[in-house]
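Below is one structure, written out as structure tokens, with a few remarks after it.
All of the numbers you see were taken from the coordinates with simple rules; none came from a lab. All values derive from a computational prediction rather than experimental measurement. All Cβ positions, even for glycine, are placed from backbone atoms using ideal geometry, and neighbour counts span all protein chains on display.
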Amino acid sequence: MGRVLIGCGVVLLVALLAIGATVAGTYNRLVTLEENVKSAWSQVENVYQRRADLIPNLVETVKGARDFEKQTLTAVVEARAKVGQVNLGHTPSTQELQKFQSAQDGLSSALSRLLVVVERYPELKATQNFRDLQAQLEGTENRITVERRRFNEAAQAFNTTRRTFPTVLLAGFLGFNEKPYFQATPGSDKAPQVKF
């Protein structure tokens, strides 16, 4: 009888150790993946900040052009201000990411309009300062695309792991919620129309 109790105790202890190791492994894996998402998000914020930092120089350069449309500059400055109001400081929830993305899309739209209007000012396009700023802005836009993709990949890795069995049983209990993705801007599936 004593051996049976000891045998049951050993089996129970091994089972508890196995469950504990599974929970610990799951928790550690989710922490690692969540930190990857946070790191990717920091890079997204970093490149968006770079773009926001370039805008005042671009605006000042464009202001120097005689008779430049003030309305276009005002739209860029206002869009940049709206972006500055969306301060997250953490990996965003789905609603926060939508708000952030909406503000950034507004700034992208204003910058696009600015660059289109600049086409009418050959003397502005000819200045080295403007060309340098435009090249930096274009490079930053490419970096934004790359970092958004990396963020989505990190979020996908986290979400995939979170939804697999048995992790799905523990993730919610351990406080790990799904991560949102960057989505395409509405209407981006249609090619822009060019009119001459």
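A few comments on the model shown:
- Reciprocal mean inverse distance between Cα atoms of the stretch 3-42 - Kirkwood radius, Å: 12.2
- Mean projection of the Cα convex hull over all viewing directions, computed for the stretch 103-142: 2.8 nm².
- Cross-link check: pairs K82/K125; K38/K63; K70/K125; K70/K179 evaluated at a Cα-Cα cut-off of 29 Å; pairs beyond the cut-off: K38/K63; K70/K179.
- Segment E69-N142, length gained on full extension (0.36 nm per residue, minus Cα span): 23.6 nm
- Distance between the modelled labels on S109 and T22, one decimal in nanometres: 5.0 nm (7 Å Cα→Cβ projection).
- Shape metrics for the stretch 2-174, restricted to C-alpha atoms - Rg then Dmax, Å: 25.5, 98
- Its relative contact order, with pairs defined as Cα atoms under 8 Å and 6+ residues apart, puts the chain at 33 percent.
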